[in-house]
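Computed from the coordinates by the stated procedures, all read-outs in this text should not be read as laboratory data. The structure displayed is predicted, hence computed values, not measured ones. Here the Cβ positions follow ideal geometry from the backbone for every residue, glycine too, while neighbour counts run over all protein chains shown.
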Amino acid sequence: MPPFFAQSPEDMPTLEDFSGRSGLEFMQDQLAGKLSGAPMAETLNFRLTEVRDGQVTFEGVPQFNATNPMSGVHGGWYGALLDSVMGCAVMTKVPKGRIYTTLEYKVNITRGLKVGQRVQATAFVDHTGHSTIVGRGEIRDPSDGRLYATGTTTCLVMDAPVVG
């Protein structure tokens, strides 16, 4: 069983891991621990917690290393969390033999987070086309539902490179 988060390049999913299964199967296998997650998620202290067709949830807790000079949680932490969760929701719609990349994403921070505050980020796919997939996400406090940030993404879907 691979580590939950990749610890070296050898732990990272291979091209065969991507091209040999649908995006939904890939995300389900990552949640089940059959494939390692991104090392960045460990660094920024968030993790995949739920996978459905067109919907993914992460949980995270910003730590001191995610603060800006004013001791607030840096906007990049919100952006990395939303880009990750929205991209993973998009991945659930990518057919076998295809891959995706983010074309653009936008983040709106509505309320400041505190260091050590647990949040839940959920993303949904709004449109699945042949070459683009559009999604949206939000960061909320799981205990009271307070909204901390929203985001949108547009991703490009393309053929996976040929393995072999």
Q) How do 25, 138 line up, fewest other C-beta atoms within 10 Å first? A) 25, 138
Q. Quick one: how many lysine pairs in the chain have C-alpha atoms under 30 angstrom apart, if they're 8 or more apart or on different chains?
A. 5
(Q) Using only DSSP helix segments of four residues or longer, with each worth -39500 (n - 2.57), what per-residue ellipticity at 222 nm results for the chain after dividing by its residue count and rounding to 500? (A) -6500 deg cm²/dmol
Q: Pop the C-beta distance of residue 124 and residue 14 into the FRET formula with R0 = 35 Å and round what comes out to the nearest 0.05.
A: 0.75
Q | Rg to Rh quotient for the chain, alpha carbon positions, Kirkwood Rh | A | 0.97
Q: Counting other beta carbons within 10 Å of each Cβ, put 105, 78, 148 in order, fewest first.
A: 105, 148, 78
Q) Arranged by the count of other C-beta atoms within 10 angstrom, fewest first, what order do 159, 141 take? A) 159, 141
Q.
Relative contact order of the chain, please, whole-number percent, based on alpha carbon pairs below 8 angstrom and at least 6 residues apart.
A. 23
Q.
Please give me the summed charge of the neighbours of residue 144: other residues whose Cβ is under 12 Å from its Cβ, Lys and Arg +1, Asp and Glu -1.
A. +3
Q) Roughly what angle does helix 75-91 make with the longest principal axis of the chain, taking Cα atoms, 0 to 90 degrees, to the nearest 10? A) 30
